[in-house]
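Written below as structure tokens is the structure these notes are about.
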Amino acid sequence: MQTGTLGVRARTTAISDFDEFYRTHRADAVRWAVALVGSAEVGEEIAQDSLAAVGRRLGSLDNPAGYLRRTVVNRAASWHRWHIRSLRREARSVAGQPSSYTQPTNDMLDALATLPYKQRAAVSLRYWADWTDEQIADALGCAPTSVRVLLHRGLTALKLSLIHISEPTR
């Protein structure tokens, strides 16, 4: 009888630990996922799936926040593998841009969508999520020097894309 009571208490503690972790990290996970995939709906789903994955292992993880970052990046990469670039653009144009974003933000999201995945991830995680080179490298599975190359190439491509967007049509 007491064993059952102890089991219930342990489960309640684990649930409250997860609730605290969820409240603390949900907004960041959603922001990262949206930045990586360019869709609020898909980003929310990736963030929820990632948080659920962390929740299942919360008691056994040394660094749950780091595991969450890596899980969000991996699930976003998986999403990209399953969707053709043209399908993403079509879905984004049909669904429209979120109304909470300003036009410059929408222009930036459109420009980010033209970048290859790793460049997009590096730029998004650096400038939207404020990650360091080391954190981005860990999440993308590359060296910090590769992150700097990805950032340089990505920013160069973004500048060209944004200049093209801002030029008036003749």
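The values are calculated or read from the model by the stated rules, or taken from the named source; none is laboratory data. None of these values were measured; they are calculated from a predicted model. Because the Cβ atoms are built from the backbone with ideal geometry, glycine has one as well, and the counts that use them run over all protein chains shown. All accessible areas refer to the heavy atoms of the entire protein, side chains included, with ligands and DNA or RNA removed. Shrake-Rupley method; radii C 1.70, N 1.55, O 1.52, S 1.80 Å.
Scanning the stretch 105-132 for residues that are surrounded by 19 or more Cβ atoms within 10 Å (Cβ to Cβ) and assigned to a helix (DSSP H, G or I) returns Met108, Ala111, Leu112, Lys118, Gln119, Arg120, Ala121, Ala122, Val123, Ser124, Leu125, Arg126.
Ala35: modelled with pLDDT of 85 or more, under 20 Å from Leu140 (Cβ atoms) and open to solvent by less than 60 Å² (accessible area, probe 1.4 Å), yes or no?
yes
Scanning the stretch 29-61 for residues being under 19 Å from Leu125 (Cα atoms), in a loop (DSSP other than H, G, I, E, B) and among the aliphatic types (A, V, I, L, M) gives a total of 0. Just one of the listed residues (Ser60, Ser50, Ser78) is among the hydroxyl-bearing types (Ser, Thr, Tyr), at pLDDT 80 or above and open to solvent by less than 30 Å² (accessible area, probe 1.4 Å), and it is Ser50. Residue pairs whose Cβ atoms lie under 6 Å apart, separated by 6 or more positions or on different chains, with the first residue in the stretch 60-81 and within 16 Å of Ala137 (Cα to Cα) and the second outside any helix (DSSP H, G or I) and open to solvent by 20 Å² or more (accessible area, probe 1.4 Å), are Tyr67/Leu61.
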